[in-house]
Structures are given as C-alpha cells and as structure tokens.
Amino acid sequence: MDYEAFFRQRLDGLRREGRYRVFAELERHAGDFPRATHFGDHGRREVTVWCSNDYLGMGQNPAVLAAIHQALDECGAGAGGTRNISGTNRHHVALERELAELHGKEAALLFTSGYISNWATLGTIAASLPGCVVLSDAQNHASMIEGIRHSRSEKQVFAHNDPEDLDRKLRAINPDAPKLVAFESVYSMDGDIAPMAELLDVAEAHGAMTYLDEVHAVGLYGPRGGGIAEREGLSHRLTVIEGTLGKAFGVVGGYIAASDALCDFVRSFSSGFIFSTALPPAIAAGVTASIRHLKTSSVERQRHQDRVAKVRAGLDAIGVPHLANPSHIVPVMVRDPVLCKQISDQLLDHYGIYVQPINYPTVPRGAERLRITPSPLHTDADIEHLMASLAAIWAERSLARAA
C-alpha cells in the first residue's frame, strides 16, 4: 500500500469539500487582550481576536500571572511525574480543594485537559459498573462520546435537551441496571442551555447517576462562577460535575467534582489519570488564583453579558443571521464551508478581525458558521468595527437576502 498517497488523497478530499483546517498563527499580547499578532502569508499584522475561549480574559489577569510566576520560581517548570510517582504538588492539592468547594462537592480530581477528564471519567465509570447503560445527549461533545465508546458499555442517545425522550428510554431499561445520564449545560456550538432540572427529575425517578459537562459555563455563570448548576441551585443533585480550566478560568486543564468515593475510584482505576504526567505546579497555582478571583468578583461576568448583548443587537441591526440562544456564544450562520472560510479570510486579511470558520465534523454539514465569543475586554469601538466589517462583507456578497 502507498501510505503517503492514502494520506494525501484524504487531505485532498478535505480541501475539495472546503473543510481543510488552516491554523492561524497568533501571538497573544499579555495585558492587551483581545489584541494579538498574526503571522501569515502577508507578514505580521495586529488583529483583534473574536473567537477565543478565554471568555473572560483571565489568561492575562494580574493575580493569575503573579501566582504562576511565583510558583514557577518556587517549584520549577514541571511536576516531575505522574500524580502517583512524585508528581503531586501542594498546588495540585490546593486546586482540587478549591474546585470541590466551588461546586459544593466532597472532592475534585485534576486532569491534563477537559477532553481527558471526560474521556477518562466516563470511560472508567461506565466500564466498571456491571451492565451499565449510558444515556447520552445527542449533541454531547466528542470527548464524552469517545469516553462512552471506550467503556464498551451499552449506549443510548436521547434527543437533544429532551427530558421526555430520556424518560422513554429509561423506562425501557431494566430498572435494576446501573444507569448514567450524561449531558452538557451550555452547548458550545449552538449556545443553547440544557433543561437541567427536568433532566435531573427524570434521571432521579429512574435511579440513574448524572454526569454534567460544565466546560462552557464554569466561571461564567452562577454567583461565584460555579456554572449553570450553581446558578440554578442544582449542584447537589448531580453525581459528577466536569469542567475545564482552559476557558473562562484562562489557563489549562480539566477536572471532575463529586463524592470522595467517586473521585477516589476514578483516581485509582482510570488509566487516563494514572499514567498521565501531572499538570505543572505553576499552572495549578494560576488556576487557583483565577477561581478565587472569580468566586468573589462579578465584574467580569456582568461586563461579559453586556458585551454579548451589544454584539447580538449589532448583528440584528445589520441583518446578519445568528442563532438566538440564552448564552454567551454567538453563532453567525453561513451554512456553506467554502463561503465560511472565505468570509473568515476576508475578515482577517482586510479588516484585522480573526474569527475561525467552524465546519463539519464540529457542526453538521450545512450548519457552517463563524462562532463569535465576545469578552469583557472588547470595547465599543471593537464591536462597531466588527459590525461595520460584517455589514460590508454581507452587502458585497448579497448574503443578507439569502439569509
């Protein structure tokens, strides 16, 4: 077999479909977010980033940076090993306690990313419970899907955000079988929010455990940044709350918060945890500072929501189609992969605006979009420039009528 030819053919197929992904090479500016330097075919140029998952700009927060610098000076660059073999630092322990307290749980467990925390935890729990059936929301993240698949447990997919369909599927399962219902709070592409209380009512009625992915909500919602579950007063009803440290908290990593026994079980049996080198202590220290700041400060969350509302109003005013939702994610719908990439390139090359095109398999074919994520640090002038740029592109391409 000509292996190289196979690889090239598959990549050529992506290019023909307009789905080939091109990374934008950026250098973020500490203290000047959302500004960045873009290194492209036309050399270096300054751009404004409109698609970052550093939702609150905490990646440049002075308290976060100071904590990282101090821990780096004290502990050095890396953890030195897995958590089991020399890699557990006091900063990891402090961060896990901070996360457990944030979610009102007995314990928390750190992972190297949100992807790994989903994959490792769901895979370990579902594989370990004899005859476990996992009920997964139809729009769950790839990391959750892969974790469930890795467990080799029976999986049933219930209709997106549909408690009635979940109830129907649970009723058809042996009442004595272990059951795990997995869903997200804020869905990252459409920005819709799960009917959490109703899903929990159904799960509890059938004796099922519940697993909530709060990746796109922690830090952003709730009086202390504990996510949608905290905002709705539902954290105590969830078996597992999973989150990331790389989005609203502005650094990197993932975690689960749950009971002492469940966290200890995953710690003791999950290969994804056992065999992974621990996060650098400086990273853990920075995240701890970020969480502590957002537990007591609502300024960032309030300003964030104000910026989101202003962007939505601006899009409505210029006739650019976007999905209405109750979250901070603003999907501008293009519905064509080639056109979506062209608009993204035009924004970057002609207007100094960086918004990455989103296409299949992240979203279904025909649902291609520009996913705009306003931050508290985007100014009125930034928003006005974004609106003027989009209005010009939409007029040039006569997209307003097509929408």
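The values are calculated or read from the model by the stated rules, or taken from the named source; none is laboratory data. Worth saying up front: this structure is predicted, and the values here are computed from it rather than measured. Positions of Cβ are generated from backbone atoms using ideal geometry, with glycine treated the same way; all protein chains shown enter the neighbour counts. In case anyone asks, the SASA skips ligands and DNA or RNA and just uses the protein heavy atoms, side chains included. Shrake-Rupley method; radii C 1.70, N 1.55, O 1.52, S 1.80 Å.
Among the candidates L166, L200, L220, L212, the residue that is within 14 Å of the chain's Cα centre (by Cα), crowded, with 21+ Cβ neighbours inside 10 Å, over 22 Å from L323 (Cβ atoms) and not small (G, A, S) is uniquely L212.
Candidates in segment 27-50 are the residues that are without any contact (Cβ under 8 Å) to a residue 40 or more places away in the chain and among the basic types (K, R); of these, the one that is surrounded by the fewest Cβ atoms within 10 Å (Cβ to Cβ) is R44.
Considering only residues in segment 347-368 that are buried (at least 17 other Cβ atoms within 10 Å of the Cβ) and assigned to a helix (DSSP H, G or I), the one that is farthest from the chain's Cα centre (by Cα) turns out to be Y351.
Given the options F39, F23, name the one that is in contact with an Asp or Glu (Cβ under 7 Å, 6 or more places away or on another chain) and either of a type outside the set (A, V, I, L, M) or within 30 Å of V181 (Cβ to Cβ) (or both).
F39
Under the condition of being aliphatic (A, V, I, L, M) and either under 19 Å from Q60 (Cβ atoms) or in a helix (DSSP H, G or I) (or both), the residues counted in segment 1-23 number 3. Working only within segment 288-324, note down all residues that are hydrophobic (A, V, I, L, M, F, W, C), in a loop (DSSP other than H, G, I, E, B) and either free of Cβ contacts under 8 Å to residues at least 40 places away in the same chain or open to solvent by 40 Å² or more (accessible area, probe 1.4 Å) (or both). Across segment 288-324, the qualifying residues are L323, A324. Report yes if some residue within segment 185-197 is touching a residue at least 24 places away in the same chain (Cβ under 8 Å), crowded, with 24+ Cβ neighbours inside 10 Å and either assigned to a strand (DSSP E or B) or of a type in the set (S, T, Y) (or both); otherwise report no. Yes, that holds for at least one residue.
Considering (1) touching a Leu at 6+ places or on another chain (Cβ under 8 Å); (2) touching a residue at least 24 places away in the same chain (Cβ under 8 Å); (3) surrounded by fewer than 24 Cβ atoms within 10 Å (Cβ to Cβ), the lone condition that Q156 does not fulfil carries the number (2).
Screening S344, S327 for residues that are modelled with pLDDT of 95 or more, part of a loop (DSSP other than H, G, I, E, B) and small (G, A, S) leaves exactly one candidate, S327. Would you confirm, using the coordinates I've provided, whether G253 is modelled with pLDDT of 95 or more and open to solvent by 10 Å² or more (accessible area, probe 1.4 Å)? No; evaluated as a whole, the condition is false for this residue.
Residue under question is N84, and the condition is that it be surrounded by 24 or more Cβ atoms within 10 Å (Cβ to Cβ), modelled with pLDDT of 95 or more and not hydrophobic (A, V, I, L, M, F, W, C); does it hold? For N84, the condition - surrounded by 24 or more Cβ atoms within 10 Å (Cβ to Cβ), modelled with pLDDT of 95 or more and not hydrophobic (A, V, I, L, M, F, W, C) - is not met. Looking only at residues of segment 1-20 that are out of contact with any Leu (no Cβ under 7 Å at 6 or more places or on another chain) and within 24 Å of L370 (Cβ to Cβ), we find that the one that is most open to solvent (accessible area, probe 1.4 Å) is R16.
Is it the case that I372 is buried (at least 19 other Cβ atoms within 10 Å of the Cβ) and modelled with pLDDT of 95 or more?
It is true that I372 is buried (at least 19 other Cβ atoms within 10 Å of the Cβ) and modelled with pLDDT of 95 or more.
Residues that are outside any loop (DSSP other than H, G, I, E, B) and touching a residue at least 60 places away in the same chain (Cβ under 8 Å) within segment 229-247 comprise A229, E230, S235, H236, V240, I241, E242, G243, T244, listed in sequence order.
From the list G250, G226, the one residue that fits, being in contact with a helix residue (DSSP H, G or I) (Cβ under 7 Å, 6 or more places away or on another chain), at positive phi and either among the charged types (D, E, K, R) or assigned to a loop (DSSP other than H, G, I, E, B) (or both), is G250. All of N89, N118, N53 fail the test of being buried (at least 20 other Cβ atoms within 10 Å of the Cβ), within 22 Å of the chain's Cα centre (by Cα) and either in contact (Cβ under 8 Å) with a residue 40 or more places away in the chain or under 30 Å from I383 (Cα atoms) (or both), apart from N118. F269 passes every criterion in (1) open to solvent by less than 10 Å² (accessible area, probe 1.4 Å); (2) in contact with a helix residue (DSSP H, G or I) (Cβ under 7 Å, 6 or more places away or on another chain); (3) under 14 Å from L122 (Cβ atoms) apart from (1). None of E96, E101, E106 is touching a residue at least 24 places away in the same chain (Cβ under 8 Å) and open to solvent by 40 Å² or more (accessible area, probe 1.4 Å) except E106. Scanning segment 330-339 for residues that are open to solvent by 30 Å² or more (accessible area, probe 1.4 Å) and either among the basic types (K, R) or in a loop (DSSP other than H, G, I, E, B) (or both) returns R335, D336.
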